[in-house]
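Here's the structure, in structure tokens; my notes come after.
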Amino acid sequence: MSSLLIIEDDELLRDGLCAQLAQAGHGITAAADGEAAQRLLEVQRFDGVVLDLGLPKISGMELLRWLRKRLPALPVLILTARDGVEDRVQGLNAGADDYLTKPFNMAELQARLGALLRRARLPAFGGSLELASSHSQRPLRVDATLPQAWLGDEALELTQREWALLSLLVTQAGRVVSREDVLETWQSDPGEPGALASNALEVYIHRLRRKLVDSGLNIRNVRGLGYMLETSSA
Ligand code: CA
């Protein structure tokens, strides 16, 4: 369960949002204006925020800037008017993680919010990492800024999908990465519908295993949970 703050001055929409998200199992707190939201954010800890940009007292944009200075990692989904292209751009520049245009579909809001919350739980990966096995002379090195991966001196040829999968496994090495986590990072590239991606995961794991064959690293299938990158024991 995530603890969410819903900031929306339209009572009907606010009540609707609160009811739906509560039903989805989240803990909900609501605020009808920017000032009330600010007071809540000062005393209470939240996992995510849904923020309407058109708010009385303190505008949504102002609140967003204030919030970003204090809580840089808090996931924020903004709601903007349909014709508010400018707002959207400004909002994203001010640090919103995602946006939805009114009127929006409740299922889409839940999906986007779920994605933000899951992503926030994964550690950010912005640097370079090296994983070496004592059984191999070829350490795996990944650099997220390029992005590029090497096995020893040899650059690995990876598709976008393979890269996303590998960097997730590497940052979580020694821990289980769930299928859901992988699909989440994949769906942030709008290439493929979810069901197809889910079936494709096995295929991509298989391909990555082949590419890592001399690395001394192994992608273990942890039944029912997901996958784990580990140094192989033989
Ligand atoms: Ca409004």
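The values are calculated or read from the model by the stated rules, or taken from the named source; none is laboratory data. Small disclaimer: the values here were computed from a predicted structure and weren't measured. As a convention, Cβ positions derive from the backbone with ideal geometry for all residues, glycine included, and neighbour counts pool all protein chains shown.
Observations, loosely collected:
- Flag if L92 is aliphatic (A, V, I, L, M) and modelled with pLDDT under 90: yes
- All positions within segment 158-175 that are touching a residue at least 24 places away in the same chain (Cβ under 8 Å) and surrounded by fewer than 14 Cβ atoms within 10 Å (Cβ to Cβ): Q160, G174, R175
- Scanning segment 68-90 for residues being surrounded by 23 or more Cβ atoms within 10 Å (Cβ to Cβ) and either assigned to a helix (DSSP H, G or I) or away from the ligand (no atom under 16 Å from the Cβ) (or both) gives a total of 1.
- Considering segment 97-116, and only residues there that are closer than 15 Å to E8 by Cβ and not in a helix (DSSP H, G or I), the residue that is nearest to the ligand (Cβ to nearest atom) turns out to be K102.
- Some residue of segment 128-144 being under 22 Å from the mean Cα position of the chain (by Cα) and exposed (fewer than 13 other Cβ atoms within 10 Å of the Cβ): no
- In segment 1-52, residue farthest from the ligand (Cβ to nearest atom) [restricted to those that are of a type in the set (K, R) and at pLDDT 95 or above]: R39
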